[in-house]
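Working notes, structure below.
The values are calculated or read from the model by the stated rules, or taken from the named source; none is laboratory data. It should be emphasised that the depicted structure is a prediction, and the values quoted were computed from it without experimental measurement. For neighbour counting, all protein chains shown are included, and Cβ atoms are generated from backbone atoms with ideal geometry for every residue, glycine included. Just the protein is used for accessible areas: all its heavy atoms, side chains included, with ligands, DNA and RNA removed. Shrake-Rupley method; radii C 1.70, N 1.55, O 1.52, S 1.80 Å.
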Amino acid sequence: MDEEAGVGDGERNDRQRYDVVIVGAGHGGAAAAAALRQRGFDGTILLIGAEPELPYERPPLSKEYLAGERAFERMLIRPATFWHERDITLLLGRAVVAVDASARHVTLGDGRVIDYHRLIWAAGGSARRLACEGHDLAGVHTVRCRADVDRMIAELSRVERVAVVGGGYVGLEAAAVLTALGRQVTVIEARERLLARVAGAALADVYAAEHRAHGVDVRLGAEVESVVASDGASAGVRLGDGERIPAEMVIVGIGLIPAVAPLLAAGAEGGDGVIVDPLCRTSLPDVYAIGDAAAHRNAYAGGALVRLESVQNATDQAGTVAKHLTGTDEPYAAVPWFWSNQYDLRLQTVGLSAGHDEAIVRGAPANRRFSVIYRRAGRVIALDCVNAVRDFARGKALVSAGARIDPAVLADTAIPL
């Protein structure tokens, strides 16, 4: 769907105006449009998406969708009828390339200009790519959108060996799926442990051991010098020490670049993301930003300026903006949470563990059901829960309260959190 849906049967003018224009049709943008209607907003809404598909869930891309266990139709956030029935106009397969905050309009890649009264920026970001020689060869992939994974699936029948660059959630999820599909997988992580940005050493060690037990070759402290070519396609990667790892497919999972260039060019304050206040307002008049692209001061990060790349953050910030635009100012203050599925290990994280000074293991990792509880200055700041749903559910309250609890009590599985 690459034209507006829900506009009506009248003739379209070359230039249109909407009360709210939402840039980005992912979790945040879709949630913002739906929340506005749910709260009784009766103005015109335009939802612009760079991809041609209806808004869909991204987390399954590196898991069930890559594995062939979930059809794309089951990933749609809402069916097509939902948007039509709520008079939300969709403009898909279009990218916004410029914003004029003083004139209150956005410009699309095809030159079309659309006026707005209020703008919600939910454009997310693009996958960070390798900068080395061979980064653009056939067979080198990122995992950010449906088209990315469709290209990978189309090549898999010709692939025996896969190199995954980056030991974060996306890379490890893809490694788990491809291992289950019978491919020989090597994970290459530049840091000395997996999940270095998001988890402590205790959890990282468990996941490294789990992947190795499934036959994955996990390389830590290893740098990729180049992607090796053969007939114009990937044949492997060469590491900084000169070793060559054969691979017909290379998957790059080294982070995200927030899609904020048009806002920054328009004068918005920011850098790695556009900076927003507790109501998700940017420094530009009547321009809001949510989700992966928004940098905000987060109480659970000790007040630091952070971007949170999660469904929870995107949807909760969407709710904050929808409430503000319908007369209720409720600052964003949600407890962060994330999840990841690898093999039969379901990881659920609540809070932000960065800056912790103590990690308490609750339960036995060997039993495949345990939690790691992080404290800072005696307060619980985060939990990583592996196959421990009750710990995750109860841990939210501990993180929210910044609870002070004796470490021996936290470690005792006979005592509910």
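Screening the candidates ALA366, ALA354 for the property of being of a type in the set (A, V, I, L, M, F, W, C), within 24 Å of the chain's Cα centre (by Cα), open to solvent by 70 Å² or more (accessible area, probe 1.4 Å) and closer than 16 Å to ALA202 by Cα yields one hit, ALA354.
Of the residues examined, GLY378 is not one that is within 30 Å of ILE290 (Cβ to Cβ), modelled with pLDDT of 95 or more and among the small types (Gly, Ala, Ser).
Taking the listed residues ARG151, ARG94, the one that is open to solvent by 50 Å² or more (accessible area, probe 1.4 Å), among the charged types (D, E, K, R), under 14 Å from VAL23 (Cβ atoms) and within 25 Å of the chain's Cα centre (by Cα) is ARG94, with no other qualifying. Scanning segment 243-260 for residues that are out of contact with any Asp or Glu (no Cβ under 8 Å at 6 or more places or on another chain), assigned to a loop (DSSP other than H, G, I, E, B) and not aliphatic (A, V, I, L, M) returns GLU243, GLY253, GLY255. When SER310 is tested against (1) more than 20 Å from the chain's Cα centre (by Cα); (2) without any contact (Cβ under 8 Å) to a residue 40 or more places away in the chain, just one condition goes unmet, and that condition is (1). If we scan segment 210-218, do we find a residue that is open to solvent by less than 30 Å² (accessible area, probe 1.4 Å), over 27 Å from PHE370 (Cα atoms) and part of a helix (DSSP H, G or I)? So far as segment 210-218 goes, no, none of its residues is open to solvent by less than 30 Å² (accessible area, probe 1.4 Å), over 27 Å from PHE370 (Cα atoms) and part of a helix (DSSP H, G or I). The residues of segment 210-236 that are out of contact with any helix residue (DSSP H, G or I) (no Cβ under 6 Å at 6 or more places or on another chain), aliphatic (A, V, I, L, M) and under 30 Å from VAL386 (Cβ atoms), listed by number, are ALA213, LEU220, ALA222, VAL224. Filtered by the rule that a residue be out of contact with any Leu (no Cβ under 9 Å at 6 or more places or on another chain) and among the basic types (Lys, Arg), segment 212-237 gives a lone residue, ARG212. The condition (being under 24 Å from the mean Cα position of the chain (by Cα), within 25 Å of LEU352 (Cβ to Cβ) and touching a residue at least 60 places away in the same chain (Cβ under 8 Å)) is satisfied by just one residue among VAL187, VAL274, VAL250, VAL177: VAL274.
Of the residues that sit in segment 261-316 and are in a loop (DSSP other than H, G, I, E, B), touching a Gly at 6+ places or on another chain (Cβ under 7 Å) and at negative phi, which one is most open to solvent (accessible area, probe 1.4 Å)? Out of the qualifying residues, it is ARG307. Cβ separations smaller than 8 Å between residues 6+ apart or across chains give the following pairs from segment 325-345 residues that are buried (at least 16 other Cβ atoms within 10 Å of the Cβ) to residues that are among the small types (Gly, Ala, Ser) and assigned to a strand (DSSP E or B): VAL335/GLY351; PRO336/GLY351; TRP337/GLY351. Looking only at residues of segment 22-56 that are touching a Leu at 6+ places or on another chain (Cβ under 6 Å) and assigned to a loop (DSSP other than H, G, I, E, B), we find that the one that is most open to solvent (accessible area, probe 1.4 Å) is PRO52.
For segment 377-396, the candidate set comprises residues that are in contact (Cβ under 8 Å) with a residue 12 or more places away in the chain, out of contact with any His (no Cβ under 9 Å at 6 or more places or on another chain) and among the hydrophobic types (A, V, I, L, M, F, W, C); within that set, the residue that is nearest to SER353 (Cα to Cα) is LEU383.
Report those strands (runs of 3 or more DSSP E) wholly inside segment 135-193 carrying at least 3 residues which are under 16 Å from GLU210 (Cα atoms). Result: 184-189. When PRO60 is tested against the conditions (1) in contact (Cβ under 8 Å) with a residue 60 or more places away in the chain; (2) under 30 Å from ARG158 (Cα atoms); (3) open to solvent by less than 60 Å² (accessible area, probe 1.4 Å); (4) not charged (D, E, K, R), the lone failure is (1).
Do we find a residue being closer than 15 Å to TYR18 by Cα and not aromatic (Phe, Trp, Tyr) anywhere in segment 47-56? Within segment 47-56 (the criterion being closer than 15 Å to TYR18 by Cα and not aromatic (Phe, Trp, Tyr)), the answer is yes, since at least one residue qualifies. The residues listed here are ASP87, ASP115; of these, the one that is charged (D, E, K, R), open to solvent by 50 Å² or more (accessible area, probe 1.4 Å) and modelled with pLDDT of 95 or more is ASP87.
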